[in-house]
Amino acid sequence: MSNPTIDATSPGMDTTTPRYDPTTIRLHWATAILVVLLWGIGQIIDFFPRGEPRVMVRSVHILLGVALAVVFVTRIIWRSASGRKLPAAEKGLAGLSAKIVHFGLYLLLIATIALGVANVWMRGDSIFGLFSIPRYPDADKALRHVIGDLHGTFADAIMIVAGLHAIAALAHHYVFKDNVLRRMLPWK
């Protein structure tokens, strides 16, 4: 009986290369794209003039952050319930390193999303001028600053760890010439 999460029978596909199921692949790449977009927007928010321009950019950032939270929760539910049933790509130290990096990315995502929610709550942001998130009543300037800085620091850490993750995937593909990267590519 074949594993329903593996799609290795596509025409032109090396049948010895098991692939993650399409849902896992889509959730992985949606997470990656959202993280890069959010980080990029986070880097430029303060360049926009105060008032409506900054509110608009911050609103996009917040809504993309909500989208990331939804994708991430969906990914966790999918992974624990039915997806990602492939055997480890690597054994030994390399396999352990991969698990640590993935676990670290998940923890960083949880922390960054939670800090983003706290950041919005501490500031009491307006969303496109349509409605406002109520501001936490005891949010003094120092606390808002600390939470905003932590949110940015964790976002930077995600980019560093995700960058190392991407470099490792490319090394597997171009240096080790194995099929680790192909397991998660969005195309067959």
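Mind jotting down a quarter of the surface of the convex hull over the alpha carbons of the chain, in square nanometres, one decimal? Before the final figure, lay out each step's value.
Numbers: hull surface 53.5 nm².
In nm², the orientation-averaged hull projection of the chain is 13.4.
Where does each of 90, 52 land when they are ranked from fewest to most other beta-carbon atoms within 10 angstrom?
52, 90
Return the distance in nm (one decimal) between the two label points of a simple spin-label model at residue 133 and residue 166, each offset 7 Å from Cα along Cα→Cβ.
Reported label-point gap for residue 133 and residue 166 is 2.6 nm.
Compute the acute angle (0 to 90°) between the alpha-carbon long axis of helix 141-174 and the principal axis of greatest extent of the alpha-carbon atoms of the chain; round to the nearest 10°.
Once rounded, the angle reads 20 degrees.
What chymotrypsin sites (Phe, Trp or Tyr not before Pro) in region 112-187 are in a loop by DSSP, with at most 10 other Cβ atoms within 10 Å of the Cβ?
187
On a 0 to 90 degree scale, rounded to 10, what angle separates helix 22-44 from the longest Cα axis of the chain?
Helix 22-44 and the main axis of the chain meet at about 30 degrees.
Given N residues in region 26-126, what is Rg(Cα) / (2.2 N^0.38 Å)?
1.30
No lab work stands behind these numbers, since they all come straight from the coordinates. Quantities reported herein were computed from a predicted structural model and do not represent experimental measurements. Cβ sites come from the backbone with ideal geometry, for glycine too, and all protein chains shown count toward neighbours.
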